[in-house]
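The values are calculated or read from the model by the stated rules, or taken from the named source; none is laboratory data. As the structure is a prediction and not an experimental result, all values here were calculated from the model. Methodologically, a virtual Cβ is constructed for each residue, glycine included, from the backbone with ideal geometry; neighbour enumeration extends over all protein chains shown.
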Amino acid sequence: MNHKLFDYAPAPESRAIADIRSNYGLFIGGEFVEPVDGQPFKTINPATEEVLAEVSAAGAHDVDRAVAAARTAYDNTWSRMPGRERAKYLFRIARIIQERARELAVLESLDNGKPIRESRDVDLPLVAAHFFYYAGWADKLEYSGYGSTPIGVAGQIIPWNFPLLMLSWKIAPALACGNTVVLKPAETTPLTALTFAEICRQAELPPGVVNIVTGAGETGKLLVEHPGIDKIAFTGSTDVGRAIAKSVAGTKKRLTLELGGKAANIVFDDAPIDQAVEGIVAGIFFNQGHVCCAGSRLLVQESVADDVLERLRRRMSTLRLGDPLDKNTDIGAINSAVQLQKIRELSRIGEEEGAERWSAPCELPEHGYWFAPTIFTGVTQAHRIAREEIFGPVLSVLTFRTPDEAVEKANNTPYGLSAGIWTDKGSRILSIANRLRAGVVWANTFNKFDPTSPFGGYKESGFGREGGRHGLEAYLR
Amino acid sequence: MSDRTRLDVRKTYKLFIGGAFPRSESGRSYQVTDSGANFIANAALASRKDARDAVVAARSAFKKWSTASAYNRGQVLYRVAEMLEGRRDQFVAEVASAEGIHNGEHVVDAAIDRWVWYAGWSDKIAHVLGSSNSVAGPYFDFSIPEPTGVVAIIAPQESSLLGLVSVISPVIAAGNTAVVIASEKRPLPAITLSEVLATSDLPGGVVNVLTGKTSEISPWLASHADVNAIDLTGAAPELATQLQIAAAENLKRVYRPDDDNPDWLADPGLSRLQAFVETKTVWHPIGV
């Protein structure tokens, strides 16, 4: 089944452009400072397991200091600054990100394991675009429909799958609206956030407007529970989101949550099949499937299922897995040993429950964390691999006969983040989109993002929207 | 003028579930008094089972109500205003009895006008809360508000009619269905309002009204996995926090107003409409 047409010579992007320090402190009040009660930990390259740098897990005092710095900056500077001036800081940041895009892309691929093609062509352009978009809002908030009064100090916790992109989704709207932030990047991917701290300094952003505290769940918990925080924005797992929702109960803290998903990607018999196959691949194998809105459940109409699956297997056989810094790489490394273990475990359960497993034939590198692109056929709605978020390059395939059945199956999940529809018929797109209980519906495409386009979930995929005019609501009162 | 020898026919106050008026399945009732502590009636003391039945009714009604045209929903809400206007004197008397206010006309008038205000909103929510998005690519990208689903409402404890109407009408104007726990001590206007709703072409189950102990019924709604959102307006602070924790289990949308003692006569604004809608973004391809 290996239809490899070409052998590609290695085309590695130079890593020399990424200047990684041996250790990093916390970014508080505009300076890198040593932690007071934090502990050092290491961040590694998941493709090689080499240590990239030592960073600090912020402790309670460190979080205190960061929140205090953010409060001072809020009270004395940022909330009082005219919107047009805040806008210009954000435009500056956007420009510097563009100037340093190559460096940031390499750094992202090193720390996260994602292919350079994606960090260079998807993540970084979107990061810059996000800052540009919200920069323009800063002096136009009275037209937003949500007023123009900021909330205060925002505690923001982001995941490891799109480290810098998630940072931009959090920081750009918060700052545009006049809030200050304490942001915690994920423990496995802190490096681009720390480089972003340098960018804030280059932009001469007033001290304390952006504070970056690194660390794991414990640091996040300190931030969430801190009484000096007015607003919490979290992107991550539904379980942690649930715990955060409980912990803010009874407080005045505002909350937005962007959580897990188990999106249906629905292929109708009149779909352009080759285009749909590309979309299925983009839906589940983009970013190694480490995407909350990944199209992890393929719902394919029975009459074309064999054809679609044959072409899908053929296409998967041409995916190149390996060095994330190689410009030809399609599938990079799994972000961590823990995540790899989870993917393996759920895949094992998929087999045990009777689904049929097929993985693309590809050699896995000796070091690092890798998982071959995999599909399961013969999956039923009761199977755990059809219900639980795997967050890896694993696709569960189900079939349907009628549009009603497709909608029924697509909605049969506690999640409701995204969905895909593949059909040649515009009226069918809109009719099915109407009936899907999901926050983002892609028609004849998948995993497309844009700063102007609101993103967020229904049901247990969380609440609140990021992006677009709607994204301002979370940061205004 | 009534004949002094004629005995009046009193009303039995029951629950309102799925468009019908059942007694509590538990067979329980409790005494309702007026503001002067005089007995007025026995109201149904709803149980956990009643609450669960009400959720089933609300869920069953959701598909029809949420897919009805916004124009149609507006017509129905306006019809509610018409029916309420026709019973204006009855509500003035009931509100006076429940709340001990002598000049209750303006409160009832405001309640009627509130239905009219939200009737007009039903087909304008998408203008104000939706958007079309200028994405960099060949897509028509738009965001529309959609109803969240089944909303549990803990109605205000003090304002037995205007407050009640102010919390129900935005929820159903947006296409949600509701399970409402009426004011514990002042439940009778809620049941009389149910009679209005039952005769206003509102499909059965869109609004369900429970009377009884707020602290007994509300935890079952807050933890119910088929309830999508909860309005904590009428819950005392401690209870509200406890309900908020229970609601986190299936990540319900929680509406907890900043102001513990809202001025129900004030312009309601958009916040209650915003609280119970989801935003769906659709990327529709453009091409030839």
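Pairs are defined by a Cβ separation below 7 Å, a sequence spacing of at least 6 or placement on different chains, a first member in segment B:272-288 that is within 7 Å of another protein chain (Cβ to nearest Cβ) and under 21 Å from residue A:466 (Cβ atoms), and a second member that is of a type in the set (S, T, N, Q) and part of a strand (DSSP E or B); the pairs so defined are B:279/B:143; B:280/B:143; B:281/B:143.
Any residue in segment A:75-84 that is among the hydrophobic types (A, V, I, L, M, F, W, C), in contact (Cβ under 8 Å) with a residue 60 or more places away in the chain and either within 26 Å of residue A:205 (Cα to Cα) or surrounded by 13 or more Cβ atoms within 10 Å (Cβ to Cβ) (or both)? Yes - at least one qualifying residue is present in segment A:75-84.
Per the conditions (1) surrounded by 20 or more Cβ atoms within 10 Å (Cβ to Cβ); (2) assigned to a helix (DSSP H, G or I); (3) within 14 Å of another protein chain (Cβ to nearest Cβ), the sole criterion not satisfied by residue A:243 is (1).
May I ask you to list the residues in segment B:132-186 that are within 14 Å of chain A (Cβ to nearest Cβ) and part of a loop (DSSP other than H, G, I, E, B)?
Correct list: B:134, B:135, B:136, B:137, B:138, B:148, B:149, B:175, B:176.
Residues of segment A:434-469 that are in a helix (DSSP H, G or I) and in contact with a Phe, Trp or Tyr (Cβ under 9 Å, 6 or more places away or on another chain): A:459, A:460, A:461, A:469. Taking (1) more than 20 Å from residue A:476 (Cα to Cα); (2) touching a Cys at 6+ places or on another chain (Cβ under 9 Å) in turn, residue A:190 satisfies each apart from (2).
The residues of segment A:412-432 that are small (Gly, Ala, Ser), outside any strand (DSSP E or B) and within 10 Å of another protein chain (Cβ to nearest Cβ), listed by number, are A:416, A:426. Scanning segment A:333-374 for residues that are of a type in the set (A, V, I, L, M) and in contact with a helix residue (DSSP H, G or I) (Cβ under 7 Å, 6 or more places away or on another chain) yields a count of 5. Are any of the residues in segment B:95-116 within 14 Å of chain A (Cβ to nearest Cβ) and assigned to a helix (DSSP H, G or I)? No, the conditions are met nowhere in segment B:95-116.
Of all residues in segment A:38-73, those that are at negative phi, assigned to a loop (DSSP other than H, G, I, E, B) and acidic (Asp, Glu) total 1. Hey, does segment B:230-252 have a residue that's closer than 20 Å to residue A:439 by Cα, more than 10 Å from every other protein chain (Cβ to nearest Cβ) and out of contact with any Asp or Glu (no Cβ under 8 Å at 6 or more places or on another chain)? Yes, there is a match, as at least one residue in segment B:230-252 is closer than 20 Å to residue A:439 by Cα, more than 10 Å from every other protein chain (Cβ to nearest Cβ) and out of contact with any Asp or Glu (no Cβ under 8 Å at 6 or more places or on another chain).
Listed here are the residues, each with its yes/no results for (1) farther than 26 Å from residue A:122 by Cβ; (2) out of contact with any helix residue (DSSP H, G or I) (no Cβ under 9 Å at 6 or more places or on another chain); (3) more than 8 Å from every other protein chain (Cβ to nearest Cβ).
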| site | (1), (2), (3) |
| --- | --- |
| A:393 | no, no, yes |
| A:401 | yes, no, yes |
| A:405 | yes, yes, yes |
| A:451 | no, no, yes |
| A:465 | no, no, no |
| A:475 | no, no, yes |
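Answer yes or no as to whether residue A:291 is part of a strand (DSSP E or B), surrounded by 22 or more Cβ atoms within 10 Å (Cβ to Cβ) and away from every other protein chain (no Cβ under 14 Å).
Taking the combined requirement at face value, the residue does not satisfy it.
Against the criterion of being closer than 26 Å to residue A:121 by Cβ, touching a helix residue (DSSP H, G or I) at 6+ places or on another chain (Cβ under 7 Å) and part of a helix (DSSP H, G or I), residue A:281 qualifies. Please work out if residue A:233 is within 23 Å of the chain's Cα centre (by Cα), at pLDDT 95 or above and either away from every other protein chain (no Cβ under 14 Å) or within 30 Å of residue A:309 (Cβ to Cβ) (or both). Spelling it out, residue A:233 is indeed within 23 Å of the chain's Cα centre (by Cα), at pLDDT 95 or above and either away from every other protein chain (no Cβ under 14 Å) or within 30 Å of residue A:309 (Cβ to Cβ) (or both).
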